Amino acid sequence: MSDEVLFTQKLVSKDNDNKVNIEWIVENNTGGLIEDVLALSQCYTHDFGNFEDGEVKPISFDVELPSTESLKMDFGDDTVIPDKITFGGASLTYLANGVSFKTKSNILEI
């Protein structure tokens, strides 16, 4: 077993109303308890609580993507939505043996 906390994000679904469903998955492979596990990004925050060694917890949430119309109102009539929208790595903080750690998830392109 590896000595790490894995934090991944993936696209679950995308609908025609400019909404996407994203899933965060946290896996504890540290060999011990991790506590106060908190994930956050620019669009969502979730308190996962504590994890025993080997425990995996997923959470999914919806994000509304900007429409072309709303972008044009904010940035001008020649604004367009790019072909791909990138969600940077979300941050994950936790305590292991009383020591604070921070890691990031993968980058997600939609």
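The values are calculated or read from the model by the stated rules, or taken from the named source; none is laboratory data. The model shown is predicted, which means the values in this text are computed figures rather than measured ones. Please note: Cβ atoms are built from the backbone with ideal geometry, for glycine as well, and neighbour counts cover all protein chains shown. Only protein heavy atoms, including side chains, enter the accessible area calculation; ligands, DNA and RNA are left aside. Shrake-Rupley method; radii C 1.70, N 1.55, O 1.52, S 1.80 Å.
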Q: Give the residue that is surrounded by the fewest Cβ atoms within 10 Å (Cβ to Cβ), with candidates limited to residues of the range 90-99 that are closer than 25 Å to residue 10 by Cα and of a type outside the set (A, V, I, L, M).
A: 93
Q | Residue ranges of strands (runs of 3 or more DSSP E) in the range 1-62 with at least 3 members more than 17 Å from residue 91 (Cβ to Cβ) | A | 4-14, 19-29
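Please go through the range 13-44 and give me each residue that is farther than 12 Å from residue 62 by Cα, open to solvent by 30 Å² or more (accessible area, probe 1.4 Å) and not acidic (Asp, Glu), ordered by number.
Correct list: 16, 25, 30, 31, 33, 38, 40, 41, 42.
Could you please find all residues in the range 53-89 being free of Cβ contacts under 8 Å to residues at least 12 places away in the same chain and open to solvent by 50 Å² or more (accessible area, probe 1.4 Å)?
Filtering the range 53-89 down to residues free of Cβ contacts under 8 Å to residues at least 12 places away in the same chain leaves 69-79, 82-83.
Selection gives 69, 72, 73, 74, 75, 77, 78, 82, 83.
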Q: State which residue is modelled with the lowest pLDDT when the search covers only the range 74-96 and only residues that are in contact with a Ser or Thr (Cβ under 9 Å, 6 or more places away or on another chain) and either over 21 Å from residue 42 (Cα atoms) or part of a loop (DSSP other than H, G, I, E, B) (or both).
A: 81
